[in-house]
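Student: Got a structure for you, questions after.
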Amino acid sequence: VFFLLLLLVPLAVVLVYSFGERAPAGGYAPGFTFDNYLNLAARGKAFLNTLTLAPLGTLLTAIIAFPMAYFLAVKVPPKWRVVMLVLVMAPFWTSQLLRYYAWIMILGAKGIPSWLGYLGFADFRIINTPYAVLIGAVYGFLPLMVPPSYVSLEKLDKRLLEASADLGATPIRTFLQVTLPLALPGVATGSMLVFILLMGDYILPQYL
């Protein structure tokens, strides 16, 4: 029932709308036409951008989120972990649109480019570029990537790390052969969440 109401029914509604027509004032008008599908070729650039930026944004988010999750799970004392996790999730308490407007100010002409101009980097542009979209993707979806990675790392048996060190493995080798493989389920879960949302995010590229 849960999947029927929250997954299958919305997909069915989208499917019905896809065969509809555009109303004179915009929006949906009941009808049955294949024009929307026949016109997909004209939207090739949008599809290509999505298929490029969504995986890249997911990868960058995972690369930045994993050290944060590792720090929370291994380095932070247990009594402070909940507080730190709340701080990681804090951006989700504000409107997504408001957060992107803030990034417009930060990445716009009066933000970082103006600061770089004082350092001699003239005509440096970030807003309305793929780089701005990737920055917004990492910032916007980092709270979805850190908790699953943290859960996997928090469950990690510390005795395995000690055993690896006792057997002569370097810290890097221990990380690659013990820590990372055991944490991959959490990273995979977070990556799936971020990738699915990035594939359908409209506001992020529209504003940044």
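Student: Output needed for the stretch 104-145: three equivalent-ellipsoid semi-axes, defined as square roots of 5 times the C-alpha gyration tensor eigenvalues, in descending order, whole Å. Write down the numbers at each step before the final one.
Tutor: On the way: eigenvalues 109, 18, 13 Å².
Computed over the stretch 104-145, the values are 23, 9, 8 Å.
Student: Taking θ as phi - 60°, what are the ³J(HN,Hα) couplings along the stretch 17-34 by the Karplus curve (6.51, -1.76, 1.60), each to the nearest whole Hz, with x for Gly and Pro?
Tutor: Listing the rounded values in order: 4, 5, 9, x, 10, 7, 6, x, 9, x, x, 9, 10, x, x, 9, 8, 9 Hz.
Student: How much of the accessible area of the chain, probe 1.4 Å, is carbon plus sulfur, in whole percent? List each step's numbers first, then the result.
Tutor: Values: 10080 of 13850 Å².
Of the solvent-accessible surface of the chain, carbon and sulfur hold 73 percent.
Student: Expressed as a whole percent, how much of the Cα-Cα distance distribution for the stretch 30-98 exceeds 21 Å?
Tutor: Details: 1357 of 2346 pairs.
The calculated P(r) of the stretch 30-98 puts 58 percent of pairs beyond 21 Å.
Student: Can you compute the helix-only [θ] at 222 nm over the chain? Use -39500 (n - 2.57) per DSSP H run of at least 4 residues, normalise by all residues, nearest 500 deg cm²/dmol.
Tutor: It lands at -20500 deg cm²/dmol.
Student: While we're here: Can you give the Kirkwood hydrodynamic radius for the chain, in Å, rounded to one decimal and based on Cα pairs?
Tutor: Details: mean 1/r = 0.0488 Å⁻¹.
This gives a value of 20.5 Å.
Student: Considering only PHE195, PHE92, PHE141, give the residue with the highest GNM mean-square fluctuation for the chain, with springs between Cα atoms whenever their separation is below 10 Å.
Tutor: Comparing PHE195, PHE92, PHE141 in a Gaussian network model of the chain, the most mobile one is PHE92.
Student: Now, a different point. Which order do peptides 47-54, 198-205, 63-70, 30-37 fall in by mean Cβ count within 10 Å, highest first? Walk me through the numbers before you get to the answer.
Tutor: Numbers: 47-54: 13.9, 198-205: 15.8, 63-70: 18.1, 30-37: 10.5.
Per-residue Cβ counts within 10 Å, averaged per peptide and sorted highest first, yield 63-70, 198-205, 47-54, 30-37.
Student: Further question on the same structure: Check cross-link reach from LYS79 to the aspartates and glutamates: straight Cα distance under 17 Å, and skip same-chain residues fewer than eight apart.
Tutor: Cα-Cα hits under 17 Å: GLU154.
Student: For the stretch 3-124, what does the alpha-carbon gyration tensor say about shape, rounded, prolate or oblate, given a ≥ b ≥ c as the root eigenvalues, a/c under 1.5 as rounded, and a/b over b/c as prolate?
Tutor: It is oblate, given that a/c is not under 1.5 and a/b is not larger than b/c.
Student: Under 5 Å between amide H atoms, partner at least 5 residues away or on a different chain: which partners does GLU21 have, H built in plane at 1.01 Å?
Tutor: Those lying under 5 Å, H to H, from GLU21 are ALA29, GLY31.
Student: Looking at GLY168, VAL13, ALA41, which one has the Cα that reaches farthest to the positive end of the dipole of the chain (charges on Cβ: Lys, Arg +1; Asp, Glu -1)?
Tutor: Selected residue: GLY168.
Student: Hey, how many Å between the Cα centroid of the stretch 118-132 and the Cα centroid of the stretch 66-102?
Tutor: Distance between centres, Cα-based: 28 Å.
Student: Here is a follow-up. Assuming 0.36 nm per residue, please report the length gained on full extension of the stretch ARG173 to THR50 beyond their Cα-Cα distance. Please report the intermediate quantities before stating the final value.
Tutor: Numbers: separation 123, 0.36 × 123 = 44.28 nm, distance 3.54 nm.
Stretched out fully, the ARG173 to THR50 stretch lengthens by 40.7 nm.
Student: Also, quick follow-up: If you average the alpha carbon positions of the stretch 157-174 and of the stretch 1-45, how far apart do those two centres end up, in angstrom?
Tutor: 54 Å
Student: Per residue, how large is the accessible surface of the chain? Use a 1.4 angstrom probe and give square angstrom. Don't skip to the answer; put the middle values down first.
Tutor: Numbers: 13850 Å² over 208 residues.
Dividing the accessible area of the chain by its residue count gives 67 Å².
Student: Thinking of the stretch 156-208 as a set of Cα atoms, what percent of all their pairs are more than 17 Å apart? Present the calculation step by step, with values, prior to reporting the outcome.
Tutor: Working: 748 of 1378 pairs.
Every Cα pair in the stretch 156-208 considered, those over 17 Å come to 54 percent.
Student: Also, I was wondering about something else. Could you order the peptides 93-100, 131-138, 146-153, 77-84 from most to least packed, using the average number of other C-beta atoms within 10 Å per residue? Working shown, then result.
Tutor: On the way: 93-100: 12.0, 131-138: 20.5, 146-153: 22.1, 77-84: 10.4.
Top of the packing list down: 146-153, 131-138, 93-100, 77-84.
Student: While we're looking at this one, here's another question. Calculate the translational D of the stretch 79-185 in whole µm² s⁻¹ from Stokes-Einstein, where the hydrodynamic radius comes from the Kirkwood formula applied to all Cα pairs, the temperature is 4 °C and the viscosity 1.567 mPa s. Working shown, then result.
Tutor: On the way: Rh = 17.2 Å.
Once the numbers are plugged in, D ends up at 75 µm²/s.
The values are calculated or read from the model by the stated rules, or taken from the named source; none is laboratory data. These figures come from a predicted structure and were not determined experimentally. FYI the Cβ positions are ideal-geometry reconstructions off the backbone, even for glycines, and counts take in every protein chain you see. Heads up: the accessible areas ignore ligands, DNA and RNA and are worked out on the full protein's heavy atoms, side chains in. Shrake-Rupley method; radii C 1.70, N 1.55, O 1.52, S 1.80 Å.
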